[in-house]
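Q: Got a structure for you, written out below as structure tokens; questions coming shortly.
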Amino acid sequence: KLAYQGNEPEVIAPGPGEQLVTIYASKHKPGQKRVVVDREDSTLTPQDVLKHWPEVAAAIQKELETWAKLKCFSHKPKQGARNIIDIRWVHKWKFDQATQSATESEKGKADVRKIIRSRLCLRGFKDMDKDLVAKYAGTSKRHSQRILCSEAVVQGWDVATADISAAFLQGVTYEELSELTGEPLREVNFVLPAFCIPFLKKVPGFEDFNPIHEVLHCDKPGTGCNDAPRCFSLKLAKVTKDLCGMKQCSMDNELCFLHSSTGQARTCEPGVGQARTCESNTRMKLEAVMTKHVDDLKTTGQRDKTLKIFGAIEKVFGSLKINWNNFTNCGVRHTQDVNTKEITLDQTEYVQKIKPIIHADLRNKLPDEPCVHDLHMLYWSVLGALNFALLTRCDIAVFVGALQRVAHKPTILHCKRLNAVLRWAQRNPAQLRYQRFKTQSNQHLRVYSDAAFKKEEEDGHSMRGALYMRCCAETSSKDNMFSTYTTTASGHLLDMKSGGQRRVVRSTFTAESLAACDALDQGIVLAQTLHEMQTGDTSAHSSRQRRENGGYQIPMALYVDALSVYAAVTAVFIKIPADQSVLCHLHYLREMLDFDVLRLLVWVDTRDILADGLTKGSVERQVLHDVMNGKAALTQECKAWRPTHFLKRSS
């Protein structure tokens with residue numbers, strides 16, 4: 001135990017009737033959880049707190065002064081106060097980067113030093129109203145993060161990241177939240193431990209604070225409050241919309257675009273049965289893109305526009321921590337060549353620091369024996385750490401997915417397999433590469449869909465996998481309109497899916513058909529996102545029209561390796577298959593083709609279906625590595641189909 005007397009802590013041994021209890025880690029109570037990832041910015045142990053107490057005391061004082069400076073709390077009489085909760089201090093080693101203005105960030109990187117950061121955290125789980133308040137605060141999707149990098153390379157723009165200091169302390173106040181949403185005014189109060197009172201009395205305005213008769217009232221949510229992320233998100237969204245002039249993407253509200261009018265008319269290709277209408281006759285030019293992950297902002301665009309956006313944010317939240325070209329954002333290291341503007345994304349250093357499972361049972365027990373409690377906890381921790389690596393490592397997705405299906409009751413064999421996957425990933429580092437396209441024309445979205453229908457040892461399980469690539473054909477022929485989609489192309493990997501089927505299947509045909517429909521659904525989301533980024537048209541009315549009649553700025557093609565599915569969808573009259581329940585799904589695919597929502601359906605040889613490695617562990621990983629490096633290869637014969645009325649119109 002730690003006891004604090006004044007400003008100095010001391011260790012006190014267990015007293016009479018007390019005993020030391022070892023708390024095992026669990027899903028809900030971390031306890032004495034083993035560290036599975038070596039991190040230099042780790043949490044201080046009680047021994048570290050004692051050893052570095054002067055630095056910890058200074059960090060506590062600084063944190064309280066920050067809360068007071070941002071007007072997060074005020075005096076309140078204890079009598080009549082409700083919803084009083086306590087706090088805990090979290091002390092961590094941090095690599096602190098000095099804040100700088102947007103213009104200063106261009107001169108070079110700011111100094112970084114290792115410090116102790118003490119964070120005052122309210123125990124939000126004790127909040128009496130925690131189940132009555134809205135807590136949702138969106139974060140940018142994985143594909144949005146990759147789309148930003150893709151567009152930066154295509155346009156030849158620099159990427160930058162910015163971090164807002166003390167973000168959760170700079171949200172809207174509870175009064176502003178009540179005015180914005182119409183919700184009742186929240187009341188949250190908290191008390192500090194006795195050893196913190198001397199620190200608090202050094203803060204201007206709290207010299208006469210009396211902990212016996214007073215509590216601290218939250219004027220705005222602080223770190224640990226259930227609604228702190230939401231309040232900050234509301235304020236940041238208002239800044240990016242009103243001060244920066246950015247529009248939210250309808251598919252992802254945390255993806256924002258900045259466009260300007262070029263004054264040129266935009267023409268629209270007529271659809272099937274009716275003309276496609278455009279809301280605006282003015283063509284919009286993209287100038288900047290931003291993704292928001294709470295307080296971590298990633299931006300690309302014209303340099304002057306990016307600096308203007310950072311400047312507007314600084315006026316509200318203070319100086320930012322800005323890095324250009326080479327940085328780590330959301331756990332992914334970004335490396336951009338300043339000359340070619342090509343970008344690589346990797347988590348190599350993170351994967352190397354994951355510790356494999358080390359336990360005596362792995363040597364002494366049989367493979368089919370279940371894991372004991374502490375080994376089970378280690379399995380969860382290592383599996384969760386490896387799952388985070390899927391942000392950039394699609395080559396191990398099928399193995400991680402298989403191990404996740406037994407996470408509720410793993411055996412010794414599963415632990416050994418998890419160690420094998422981890423060691424393979426550490427021996428074979430990989431990265432996502434976004435390279436420059438040779439031309440800006442012929443861009444299209446390739447959706448590769450695959451399924452695996454195979455019986456496992458005990459339960460039947462059908463897998464589905466999909467890859468989504470923004471491609472640009474290296475060569476194309478004007479005489480053959482399909483050549484753009486049926487030749488090898490350079491590409492940017494935007495998203496990938498690897499998991500089980502959402503419905504019960506009874507045959508390979510059904511598995512492939514359902515996987516193709518699921519892949520197309522996500523493809524429409526990506527196509528709509530790319531369209532809004534290119535045109536600036538984010539209205540729901542236009543989105544619905546494109547979903548029904550096509551007209552995406554970057555057309556989409558679906559690639560399957562099941563010839564039976566290709567034949568069934570492209571038949572003159574679609575027949576009822578043996579599995580009758582899948583008939584409506586075949587009509588859905590055909591309808592997307594008939595209305596030009598889906599430009600082409602392409603059958604490719606199994607050796608060219610790039611998503612094959614996402615459903616089968618026995619497939620070589622080299623194909624997926626080629627995809628990650630930006631190559632969508634088509635080496636075998638393939639078939640492409642488009643409805644006849646479109647072919648007649650183009651001729």
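Q: Does Val406 satisfy being without any contact (Cβ under 8 Å) to a residue 12 or more places away in the chain and either open to solvent by 10 Å² or more (accessible area, probe 1.4 Å) or assigned to a loop (DSSP other than H, G, I, E, B) (or both)?
A: For Val406, the condition - without any contact (Cβ under 8 Å) to a residue 12 or more places away in the chain and either open to solvent by 10 Å² or more (accessible area, probe 1.4 Å) or assigned to a loop (DSSP other than H, G, I, E, B) (or both) - is met.
Q: Of the residues Asp450, Asp395, which single one is part of a helix (DSSP H, G or I) and buried (at least 19 other Cβ atoms within 10 Å of the Cβ)?
A: Asp395
Q: Under the condition of being part of a strand (DSSP E or B) and not aliphatic (A, V, I, L, M), which residue from the range 315-329 is farthest from Cys149 (Cα to Cα)? Walk me through it before giving the result.
A: Taking the range 315-329 first, the residues part of a strand (DSSP E or B) are 320-324, 326-329.
Cutting the leftovers down to not aliphatic (A, V, I, L, M) gives us 321, 323-324, 326-329.
Working: Lys321: 20, Asn323: 15, Trp324: 13, Asn326: 12, Phe327: 13, Thr328: 13, Asn329: 12 Å.
Of everything passing the filter in the range 315-329, Lys321 is farthest from Cys149 (Cα to Cα).
Q: May I ask you to say which residue of Tyr566, Tyr552 is among the aromatic types (Phe, Trp, Tyr), touching a Leu at 6+ places or on another chain (Cβ under 9 Å) and over 17 Å from Ala466 (Cβ atoms)? Write out each step before concluding.
A: Working: Tyr566 fails: over 17 Å from Ala466 (Cβ atoms).
On inspection, the qualifying residue turns out to be Tyr552.
Q: Same structure again: Please work out which residue is most open to solvent (accessible area, probe 1.4 Å), limiting yourself to the range 244-272 and to residues that are outside any loop (DSSP other than H, G, I, E, B) and at pLDDT 90 or above. Before you say what the answer is, go through the steps one by one.
A: Here is the first cut: in the range 244-272, the ones outside any loop (DSSP other than H, G, I, E, B) are 247-248, 255-261.
Then drop every residue that is not at pLDDT 90 or above, which leaves 247-248, 255-259.
Values: Lys247: 100, Gln248: 80, Leu255: 0, Cys256: 1, Phe257: 2, Leu258: 20, His259: 35 Å².
Applying the filter and picking the extreme gives Lys247.
Q: With the condition kept exactly as written, say whether any residue in the range 569-586 is open to solvent by 40 Å² or more (accessible area, probe 1.4 Å), closer than 13 Å to Ser513 by Cα and in contact with a strand residue (DSSP E or B) (Cβ under 7 Å, 6 or more places away or on another chain).
A: No - not one qualifying residue is present in the range 569-586.
Q: Run down Arg502, Arg506 and say which single residue is open to solvent by 30 Å² or more (accessible area, probe 1.4 Å) and touching a Lys or Arg at 6+ places or on another chain (Cβ under 9 Å). Break it down into steps so the answer makes sense when it comes.
A: On the way: Arg506 fails: touching a Lys or Arg at 6+ places or on another chain (Cβ under 9 Å).
Among Arg502, Arg506, only Arg502 is open to solvent by 30 Å² or more (accessible area, probe 1.4 Å) and touching a Lys or Arg at 6+ places or on another chain (Cβ under 9 Å).
Q: Sort out which residues of the range 53-75 are in a loop (DSSP other than H, G, I, E, B) and open to solvent by 50 Å² or more (accessible area, probe 1.4 Å), and write them in order of number.
A: Within the range 53-75, the subset in a loop (DSSP other than H, G, I, E, B) is 70-72.
Once the filter is applied, which keeps residues that are in a loop (DSSP other than H, G, I, E, B) and open to solvent by 50 Å² or more (accessible area, probe 1.4 Å), the range 53-75 yields only Lys71.
Q: Report, by residue number, each residue of the range 613-626 that is more than 17 Å from Val400 (Cβ to Cβ) and part of a helix (DSSP H, G or I). Write out each step before concluding.
A: Narrowing the range 613-626 to residues more than 17 Å from Val400 (Cβ to Cβ): 620, 622-623, 626.
The answer is Gln622, Val623, Asp626.
Q: Given the structure, is Lys201 at pLDDT below 90 and more than 30 Å from Asp495 (Cβ to Cβ)?
A: Taking the combined requirement at face value, the residue does not satisfy it.
Q: Also, I was wondering about something else. Name the pairs: first residue in the range 53-71 and more than 17 Å from Cys121 (Cβ to Cβ), second residue among the polar types (S, T, N, Q), Cβ to Cβ under 6 Å, at least 6 apart or on different chains?
A: Ala57/Asn7
Q: Of these, Ala466, Ala519, Ala473, which one is modelled with pLDDT under 90, crowded, with 22+ Cβ neighbours inside 10 Å and not aromatic (Phe, Trp, Tyr)? Break it down stepwise before answering.
A: Numbers: Ala466 fails: modelled with pLDDT under 90; Ala519 fails: modelled with pLDDT under 90.
So the residue among Ala466, Ala519, Ala473 that is modelled with pLDDT under 90, crowded, with 22+ Cβ neighbours inside 10 Å and not aromatic (Phe, Trp, Tyr) is Ala473.
Q: Now for a separate question. All but one of (1) open to solvent by less than 40 Å² (accessible area, probe 1.4 Å); (2) touching a Lys or Arg at 6+ places or on another chain (Cβ under 6 Å); (3) in a loop (DSSP other than H, G, I, E, B) hold for Cys225, so report the exception by its number.
A: Unmet condition: (2).
Q: Can we say Leu598 is buried (at least 22 other Cβ atoms within 10 Å of the Cβ), in a loop (DSSP other than H, G, I, E, B) and touching a residue at least 24 places away in the same chain (Cβ under 8 Å)? Walk me through how you get there before you give the answer.
A: Details: buried (at least 22 other Cβ atoms within 10 Å of the Cβ): yes; in a loop (DSSP other than H, G, I, E, B): yes; touching a residue at least 24 places away in the same chain (Cβ under 8 Å): yes.
When the stated conditions are applied, Leu598 passes them.
Q: Next up: Suppose we filter Ile164, Ile197, Ile212 for residues that are β-branched (Val, Ile, Thr) and crowded, with 18+ Cβ neighbours inside 10 Å; which single one remains?
A: Ile164
Q: Further, regarding this structure: In the range 138-161, which residues are more than 16 Å from the chain's Cα centre (by Cα), of a type in the set (Gly, Ala, Ser), more than 30 Å from Pro221 (Cα to Cα) and surrounded by 21 or more Cβ atoms within 10 Å (Cβ to Cβ)?
A: Ala152
Q: What residue, among those in the range 177-194 that are touching a residue at least 24 places away in the same chain (Cβ under 8 Å) and acidic (Asp, Glu), is most open to solvent (accessible area, probe 1.4 Å)?
A: Applying the filter and picking the extreme gives Glu183.
Q: If Thr538 passes every condition in (1) of a type in the set (Ser, Thr, Tyr); (2) touching a Gly at 6+ places or on another chain (Cβ under 8 Å); (3) more than 23 Å from His587 (Cα to Cα) but one, which one does it miss?
A: Among (1) of a type in the set (Ser, Thr, Tyr); (2) touching a Gly at 6+ places or on another chain (Cβ under 8 Å); (3) more than 23 Å from His587 (Cα to Cα), the lone unmet condition for Thr538 is (2).
Q: Among the numbered criteria (1) out of contact with any Lys or Arg (no Cβ under 9 Å at 6 or more places or on another chain); (2) modelled with pLDDT of 90 or more, which single criterion is violated by His217?
A: The failed condition is (1).
Q: Please state which of the following conditions Leu362 fails to meet, knowing it meets all the rest: (1) in a loop (DSSP other than H, G, I, E, B); (2) over 27 Å from the mean Cα position of the chain (by Cα).
A: It fails just one condition, (1).
Q: Right, next: Just to be sure I understand the filter: pairs with C-beta atoms under 6 Å, separated by 6 or more residues or on different chains, first member in the range 149-165 and over 19 Å from His259 (Cβ atoms) and of a type in the set (Ser, Thr, Tyr), second member at pLDDT below 95 and in a strand (DSSP E or B). Which pairs pass?
A: Listed pairs, sorted by first residue: Thr161/Lys298; Thr161/Asn323; Thr161/Phe327; Thr161/Asn329.
The values are calculated or read from the model by the stated rules, or taken from the named source; none is laboratory data. Given the structure is predicted, the values throughout are model-derived calculations rather than measurements. Quick reminder, even Gly has a Cβ in these numbers, built from the backbone with ideal geometry, and neighbours come from all protein chains shown. Just the protein is used for accessible areas: all its heavy atoms, side chains included, with ligands, DNA and RNA removed. Shrake-Rupley method; radii C 1.70, N 1.55, O 1.52, S 1.80 Å.
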